[in-house]
Amino acid sequence: MSAHAEEHKTMTLKLIVWRQPGPKQPGRFETYTAKNITEHHSFLEMLDVVNEDLIKEGKDPISFDHDCREGICGMCSTVVNGMAHGGQERTTVCQLHMRKFKDGDTIYLEPWRARAFPILKDLVVDRGALDKVIQAGGYTSCHTGGVPDANAIPISKAEADYSMDAAECIGCGACVAACPNGAAMLFTGAKVSQFAALPQGQVEAPERVARMIQAMQECGFGNCTNHYECQAACPKGIHVKFIARMNREFLKALFRAKSGSHTFIGE
Amino acid sequence: MILDGKAPKGPIEQTWDKHRFEMKLVNPANKRKYKILVVGTGLAGASAAASLGELGYNVEAFCYQDSPRRAHSIAAQGGINAAKNYPNDGDSIYRLFYDTIKGGDFRAREPDVWRLAQVSNNIIDQCVAQGIPFARDYSGYLDNRSFGGAQVSRTFYARGQTGQQLLLGAYSALSRQIKLGTVKMFPRTEMLDLVVVDGEAKAITVRDLITGEIRVHTGDAVLLCTGGYVNVFYLSTNAMGCSVTAIWKAYKKGAFFANPCYTQIHPTCIPQSGDYQSKLTLMSESLRNDGRCWVPKKKEDARKFANEIPESDRDYYLERKYPSFGNLAPRDIASRAAKEQCDDGRGVGPGGRGVYLDFKDSIARLGEDTIRERYGNLFEMYERITDENGYKVPMRIYPAPHYAMGGLWVDYNLMSNLPGLFVLGEANFSVHGANRLGASALMQGLADGYFVIPYTIAHYLAQTKPGKVKADHPECLKSIDEVKGTAKKLLGINGNRTVTEFIRELGTLVWENCGMARSKESLTEAIAKIPAIREEFWKNVKVPGTGEEFNQQLENAGRTADFLEFAELLCRDALHRNESCGGHFRVEYQYPDGEAKRDDENYCYSAAWEWKGVDREPELHKEPLTFEFVKLAVRSYK
Amino acid sequence: MQLLSNTVGRKVLMAITGLFMLLFVAVHLLGNTSIFAGPGGINAYAAKLHGLGPFVWVFRLFMGAMLAIHVLFGVLLTLENSAANPGKYAVKKMLKATFASETMIWTGLLLLCFLGYHLAQFTLRVTPDIGDLSRAVRPGDVFTMVKTSFHVTWISLVYIAAMVVLFLHLSHGIQSIFQSLGLSNDKALPQYERYGKLLSALFLLGYCSIPVLILAGFGIFAR
Ligand SMILES: Cc1cc2nc3c(=O)[nH]c(=O)nc-3n(C[C@H](O)[C@H](O)[C@H](O)COP(=O)(O)OP(=O)(O)OC[C@H]3O[C@@H](n4cnc5c(N)ncnc54)[C@H](O)[C@@H]3O)c2cc1C
Ligand code: HEM
Ligand code: HEM
Ligand code: SF4
Ligand code: F3S
Ligand code: FES
């Protein structure tokens, strides 16, 4: 098939896209047709084609966030037919390819929708809330320099791998977009778990989990009722076990606070 | 003018420590009086901003993405080098220093490279303390892998996402400082001009990408950490937003641009599938450890299915040309070899721009499971993009622009020729010479940010009064007008070709004429054609919308306009350098066997260009390179 | 107090209170099955319970508190969540969420209504279907009381419906307990989900068997 890759038929699709001029203005759906799309176009390249046409017609092209286009920066963020990132397992929308669609398909494009993610324009939202959650405690407070040799503290391969599973999060916010409650539990749980699994993360563990959860609430994210939609939408396949881990870390922190080993913020 | 890199003399082992002691310090109480503007929050920028904020300086940081965590450092897969010598296989600071100089084809400053090798070890310590989950072996200690251009195993990695984990580490340190209020972060903010007052860099003009507001930020020093410029080829492994804009604006304000022609082409990328394509995806070089590169011997076979072509009709060209290194030949050599085959009409896949990377034999030898274990994620990525199963049919790969060794000229203190303007990471030209070794860019970004700039910037600040320039300074107002003017002009043209059409046209031209193989003819042709494209751009580009809103087309238009000017400098530098070295290959200068032919007699210098105006030839300044510790030698991989 | 104000804290409360109510439902089912042993069985059981005197009240207060907390935060969580998610996707495709998980609040509220009715009926004994004798003597002849009531078709149907609601609520709720209390991981979670549904189904069968058999006038339940 590689040899014959050029000779592919093209398809035409109907796009129903959310257009919103700005944060304050009201939005609405507009219908467009995407012509001459091949199975090898990535989803965003399909949008490029549509935008080129729009510009030529003197219309305002569709704004959508994207940068690396290889599934790692977490910038792209579009709900395709009701599924964040389009519903292909472990795939960001920039890595989704048009071969997943058929000629004549109708495709709905919507922005991430959650109170914590105000829409800036069309499919572009403000995910600053996720940065705030990290700023609340998503780090070890080590200074530049003055740290021990990298091999001073051995870490079991199992723990390191577990930590890496959690650390793979690309901060795209699809978990929030997919969650019926607009909750950021998977994002926050993953970060809490990454550090909870490592000796370097132990020192500040109680404060970290408390602060990050509090920040999550202050940013206007919802509560978790264990729908697990987040995991299904996550392009990195982050597992909800990390939400459980966060809950566990929270309880640990609570008991340690009661025993006075540290002060639980908010108390 | 002959440039002086101000590198310390004396025994190389002592250069950095000696220099550190001799530099001036800023007393703790005064630090907060100084404001530092950090443009770019990738590995270099984030680590710098975090470290400087922690020291007590008053820092403002900027990036064009919606979060510092998305800088393109995130895409680095392979790993990061350090001279830890954990595997006990004979590595040392001196060897890392040596390999980097040699790998760079003897076009970098020795003391800078030494410093890089020396601090490489601190970087790994720092990252582990930050909670970065590096790969470990069953003993619980850190694991290493080997990488191109080195006989020792010195590369630390975190699965296939080393860059991501290192960036998230720097981002977390940065986030901590933002919370503490020492760093003020401005995401979705693009630097569009540098303000120079009395020859010193004192402010930047930025555009708020959400509201379109154009404003000035003043400071006592400006750090450019804005990454590489290989998007000048349009199709590259860089992110869509990567641009030359920040350093180009600085260049136009007097900063020297060094060695632009040193660009790195990565051999193992997924080939282009059509002309609608927007970017190319890299697959880790490690694939070449088990895959065999081949093309059909007969041109007519190129259209056939790979598996229809009998063994006897396959040309394993790398093994044929480089018996000893075979499929593991270094990046530039492997890339060029692939191009030759395709130019010869034996390339495979769409447009005949690809060669096979075949795992059949290693699967037969080791079994599919072992291969899946080693490269599973890469095979998945390949299938997601091409819809082909690399276990069944051979993968198709083709070289793609990947990294820029060139950048703004800086001295040993990472300060450009403009006092107060510092340049870190891929944006500067410093340590990689004419070719970068794998896993060394991440190392450089973090070295610059964590362990070099905190010392060298103090040396400058200690000698300047804080708050010299206010936002209402005439130079600031002038800059704002200029930037507004450019935006207005772009929006006003309202021609009938889109921005993308122009950057595509430019990229193709530069790739054809100044890509993997360059010649006097191709370069002169390009230099003749580029101004024409530029002219049409300014007459006929169509940029919809207004400047007072979120306008991605306007952003791209600005970046493209800068590439249209920069491309010319790139080609001029390539044309002036009558030798082949590292990433710069001039077909006229090669040994009979196709090896790059350096000319140390006449070109053993860094070429730093000075802007003289659009359509005017830039002026060349030379910084001679001397090699006291690594003997100049022909780099051979036979 | 973190448990009350913190989003995870509230989840923990939901889980703990839910867990106690779950235990009650289980014990209550066992108690109720004694009805199959005929009048002797359940009446003796009821008598024993009432014999406990003050403990019964301690127990009732405790369960009441559990229910109150559970309901309070259940409603609160749900209100906050709909606020956090203006969620007006024109199309939304659920990949993992279930009917049960999406309707927790409604199945919960229905259970509340059922409880009201149920207590009025068999505990306060104020509903018309309860004979004067049962009203007078406590616990009295619980067997006949239940039997007479369930012989009324619509009452039995109400109960059966309520048990289906309970099934839904618990089929999501049980695994949810472990997740909320942080007791789950990738290996355990699927098991919790499986056995949670299984247990809920057992409750459904167990509880329904009573109205069904009585309605059918089966054996000792003959009219
Ligand atoms: C696909 C790929 C794989 C790689 N793999 C490896 C590897 O395995 N090992 C290795 O050592 N190196 C690797 N590299 C190279 C390495 O990743 C980069 O050289 C390095 O990360 C560059 O870091 P940086 O901080 O200098 O720039 P970047 O990380 O690119 O950051 C640039 C920053 O500048 C900002 N910026 C740019 N322009 C402006 C502007 N005008 N205004 C405001 N902000 C601006 C951006 O927002 C961003 O924050 C790889 C590169 C690529 C593309
Ligand atoms: C017989 C009575 C009840 C039982 C046995 C029960 C059981 C449970 C259980 C086990 C959970 C899971 C807790 C968790 O999230 O970990 C739960 C959740 C919940 N219950 Fe109930 N419940 C009962 C009554 C009610 C009532 C009366 C309401 C009315 C508001 C209610 C509303 C909810 C809600 C909203 C949830 C949250 C969903 C979730 O967190 O998964 N429940 N219940
Ligand atoms: C077929 C189903 C059921 C039958 C036949 C049944 C029967 C009874 C009877 C006979 C009593 C009165 C006991 C006494 O006062 O002596 C009772 C009490 C009660 N039942 Fe049920 N029940 C059923 C289902 C349920 C369910 C599903 C719940 C909970 C969700 C429930 C909750 C209660 C409670 C809270 C009491 C009061 C306990 C007390 O007196 O403190 N019952 N039930
Ligand atoms: S957890 Fe998954 S979905 Fe959520 S932000 Fe991280 S990567 Fe995206
Ligand atoms: S989808 Fe939402 S409800 Fe919880 S499990 Fe995921 S955050
Ligand atoms: S654009 Fe970077 S992840 Fe999709």
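The values are calculated or read from the model by the stated rules, or taken from the named source; none is laboratory data. None of the values given here were measured: they were computed from a predicted structure. Note: ideal-geometry Cβ built from the backbone for every residue, glycine included; neighbour counts use all protein chains shown. The area values use the complete protein model at the heavy-atom level, side chains included, leaving out ligands, DNA and RNA. Shrake-Rupley method; radii C 1.70, N 1.55, O 1.52, S 1.80 Å.
Brief remarks on what is shown
- A:ILE107 vs. criteria over 20 Å from B:THR211 (Cα atoms), more than 16 Å from ligand 5 (Cβ to nearest atom) and crowded, with 24+ Cβ neighbours inside 10 Å: no
- Of the helices (runs of 4 or more DSSP H) entirely within the stretch A:196-254, those holding at least 3 residues that are buried (at least 22 other Cβ atoms within 10 Å of the Cβ) occupy A:205-218, A:229-233.
- Any hit, the stretch A:132-154, residues being touching a Cys at 6+ places or on another chain (Cβ under 9 Å), surrounded by fewer than 23 Cβ atoms within 10 Å (Cβ to Cβ) and part of a helix (DSSP H, G or I): yes
- Note on the stretch A:66-84: among residues that are farther than 16 Å from B:THR281 by Cβ, touching a strand residue (DSSP E or B) at 6+ places or on another chain (Cβ under 8 Å) and open to solvent by less than 40 Å² (accessible area, probe 1.4 Å), the one that is farthest from the other protein chains (Cβ to nearest Cβ) is A:THR78.
- Top-ranked residue of the stretch B:140-187 - restricted to ones that are charged (D, E, K, R) and in contact with a Phe, Trp or Tyr (Cβ under 7 Å, 6 or more places away or on another chain), ranked as least open to solvent (accessible area, probe 1.4 Å): B:ARG176
- Enumeration of residues in the stretch A:132-170 that are closer than 20 Å to B:PRO68 by Cα, at the interface with chain B (Cβ under 7 Å from one of its Cβ atoms) and of a type in the set (Val, Ile, Thr): A:ILE134, A:THR140, A:THR144
- First in the stretch C:47-72 and closer than 19 Å to C:LEU115 by Cα, second anywhere and in a helix (DSSP H, G or I) and of a type in the set (Ser, Thr, Tyr), Cβ under 8 Å, 6 or more apart: C:MET66/C:THR17; C:LEU67/C:THR17; C:ILE69/C:THR17; C:HIS70/C:THR17
- Of everything listed in (1) part of a loop (DSSP other than H, G, I, E, B); (2) open to solvent by 50 Å² or more (accessible area, probe 1.4 Å); (3) among the acidic types (Asp, Glu), the single unmet condition for A:GLU30 is (1).
- Of residues in the stretch A:156-171 being open to solvent by 10 Å² or more (accessible area, probe 1.4 Å) and touching a residue at least 12 places away in the same chain (Cβ under 8 Å), the one farthest from ligand 4 (Cβ to nearest atom): A:GLU159
- Of all the residues in the stretch B:264-304, those that are in contact (Cβ under 8 Å) with a residue 24 or more places away in the chain and touching a His at 6+ places or on another chain (Cβ under 8 Å) number 8.
- For the stretch B:265-280, the set of residues classified as open to solvent by 10 Å² or more (accessible area, probe 1.4 Å), of a type in the set (S, T, N, Q) and within 9 Å of another protein chain (Cβ to nearest Cβ) consists of B:SER273, B:GLN277, listed by residue number.
- Tally, over the stretch B:53-104, of residues that are of a type outside the set (Ser, Thr, Tyr) and not in a loop (DSSP other than H, G, I, E, B): 24
- Selection status of A:ALA190, of a type in the set (Gly, Ala, Ser), in a helix (DSSP H, G or I) and within 12 Å of ligand 4 (Cβ to nearest atom): yes
- Any hit, the stretch B:557-574, residues being aliphatic (A, V, I, L, M), part of a loop (DSSP other than H, G, I, E, B) and within 14 Å of chain A (Cβ to nearest Cβ): no
- Members of the stretch B:398-426 that are part of a loop (DSSP other than H, G, I, E, B) and within 13 Å of the chain's Cα centre (by Cα): B:MET405, B:GLY406, B:LEU424
- Qualifying residue in the stretch B:440-447 (condition: part of a loop (DSSP other than H, G, I, E, B), out of contact with any helix residue (DSSP H, G or I) (no Cβ under 6 Å at 6 or more places or on another chain) and open to solvent by 10 Å² or more (accessible area, probe 1.4 Å)): no
- Among the conditions (1) hydrophobic (A, V, I, L, M, F, W, C); (2) touching a Gly at 6+ places or on another chain (Cβ under 7 Å); (3) open to solvent by 40 Å² or more (accessible area, probe 1.4 Å); (4) at pLDDT 95 or above, the only one that C:ILE174 does not satisfy is (3).
- Residue list for the stretch C:78-106, restricted to those being within 10 Å of ligand 2 (Cβ to nearest atom) and part of a loop (DSSP other than H, G, I, E, B): C:THR103
- Any hit, the stretch C:116-129, residues being aliphatic (A, V, I, L, M), assigned to a helix (DSSP H, G or I) and either in contact with a Gly (Cβ under 7 Å, 6 or more places away or on another chain) or within 20 Å of C:GLY217 (Cα to Cα) (or both): no
- Lone unmet requirement of (1) facing chain A (nearest Cβ under 9 Å); (2) assigned to a loop (DSSP other than H, G, I, E, B); (3) at negative phi for B:ILE178: (2)
Listed here are the residues, each with its yes/no results for (1) surrounded by fewer than 16 Cβ atoms within 10 Å (Cβ to Cβ); (2) at the interface with chain B (Cβ under 9 Å from one of its Cβ atoms).
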{"position": "A:TRP18", "(1), (2)": "no, no"}
{"position": "A:LYS24", "(1), (2)": "yes, no"}
{"position": "A:HIS40", "(1), (2)": "no, yes"}
{"position": "A:LEU44", "(1), (2)": "no, yes"}
{"position": "A:LEU47", "(1), (2)": "no, no"}
{"position": "A:PHE64", "(1), (2)": "no, yes"}
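- Selection over the stretch B:374-416 of residues that are among the acidic types (Asp, Glu) and more than 14 Å from every other protein chain (Cβ to nearest Cβ) gives a count of 1.
- Inter-residue pairs, beta-carbon under 6 Å, first more than 7 Å from chain A (Cβ to nearest Cβ) and in the stretch C:74-99, second of a type outside the set (Lys, Arg), 6+ apart: C:GLY74/C:GLY108; C:THR78/C:ILE105
- Residue identified as more than 16 Å from ligand 2 (Cβ to nearest atom), over 15 Å from the mean Cα position of the chain (by Cα) and closer than 30 Å to B:SER172 by Cβ among A:GLN95, A:GLN135: A:GLN135
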